Amino acid sequence: MILFRSTLYLIFSLITIVIFAVLGLLTIPFPFEVRYGFIKQWARINLWWLKISCGLHYQIVGKENIPDTNAIIFCKHQSMWETMVLQNIFPPQVWVMKKELLKVPFFGWGLAMLEPIAIDRGAGRKALKQLKEEGEKRMQNGRWIVIFPEGTRMPPGEKGAYQIGGAMLAQHHAGLVLPVAHNAGSYWPKKGFLKKPGLITVAIGKPIDCQGLSAREINARAEESIEAMMAEIYSTNPPN
């Protein structure tokens, strides 16, 4: 049954990716808010279909911690699921991601219209400079920025090294960092086809004021907050 339901979800997801990518090209002449508002509907529809087809729901803890001003979101990365739900929870946002994703047919087209910060992971200091410059520009334009500080999807119960790039951007901007944790990987695993039914918990921590903090201090505080929330989530729903 799980195989059948997961297949239904995949078929629907692929069809809607093509439809939204093609129609989304028509929104190119319009402002970012219009383009984002249209592409965002793909995420909303797929979350709805994920609930119907696979029985996968989610709950939000700490929604009151979302600030009124834009912030840099440091989010746990376990699956593709969080890239959709973040759009449903937070105001218009851009993502820091590897530039190779823009080359993916249809999916990459949609990403390109949302003004991502697409970096070459192997570019070293050049990539950090790009992140700071483009990130600051996006923040000045009122965008929220989503960063996965571990850099890649991690299996449930495992933790990767928190990279310094996002913290350097936060230090440069001297704004707010918002820690976000979740256990989506227990239901939609990395490179996994099967989607298990259940209830994903998304935990939003208190904002970190980056004024006067070093990049290392920002990174350490974000890591401490995210991992503490992960421990709390797993205390009632252990990773599997």
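Putting +1 on Lys and Arg Cβ atoms and -1 on Asp and Glu Cβ atoms, find which of 127, 106, 234 reaches farthest to the positive end of the dipole of the range 57-236.
Going by the charge dipole, the pick is 106.
Please list the non-local residues whose amide H lies under 5 Å from the amide H of residue 117, H modeled 1.01 Å from N, same-chain partners needing a gap of 5 or more.
Here the answer is 95, 96, 97, since their amide H atoms fall under 5 Å of that of residue 117.
Can you compute the FRET efficiency between residue 11 and residue 236 using 1/(1 + (r/R0)^6), with r the Cβ-Cβ distance and R0 = 35 Å? Round to the nearest 0.05.
Approximately 0.55, to the nearest 0.05.
If the limit is 32 Å between Cα atoms, which of 103/129; 51/129; 132/190; 63/103 go over it?
Checking Cα-Cα distances, 51/129; 63/103 exceed 32 Å.
Kindly give Rg over Rh for the chain, based on alpha-carbon atoms, with the Kirkwood expression for the hydrodynamic radius.
Result: Rg/Rh = 0.95.
Pull up all non-local amide H partners of residue 58: gap of 5 or more, or a different chain, and H-to-H distance under 5 Å with H placed in the peptide plane.
200
Between beta-carbons, use under 13 Å as the cut-off and find the net charge around residue 163, counting Lys and Arg +1, Asp and Glu -1.
Neighbourhood net charge equals +2.
Want the number for residue 104 to residue 211: 0.36 nm per residue separation, take away the alpha-carbon distance, what's left?
Contour length minus Cα-Cα distance gives 34.7 nm.
Please identify every one of the chymotrypsin sites (Phe, Trp or Tyr not before Pro) in the range 89-198 that sits in a loop by DSSP and has no more than 12 other beta carbons within 10 Å of its own beta carbon.
Here the sparse-neighbourhood loop sites are 193.
With helices defined as uninterrupted DSSP H runs, which ones in the chain have an alpha carbon span along their own long axis of at least 18 Å and mean Kyte-Doolittle hydropathy of at least 0.0?
Length and hydropathy pass: 2-24, 32-54.
Taking the Cα centroid of the range 32-105 and of the range 223-240, what is the distance between the two, rounded to the nearest whole Å?
Each part reduced to its Cα centre gives a spacing of 20 Å.
Laboratory data are not the source of any read-out in this text; all were calculated from the coordinates shown. These figures come from a predicted structure and were not determined experimentally. Quick reminder, even Gly has a Cβ in these numbers, built from the backbone with ideal geometry, and neighbours come from all protein chains shown.
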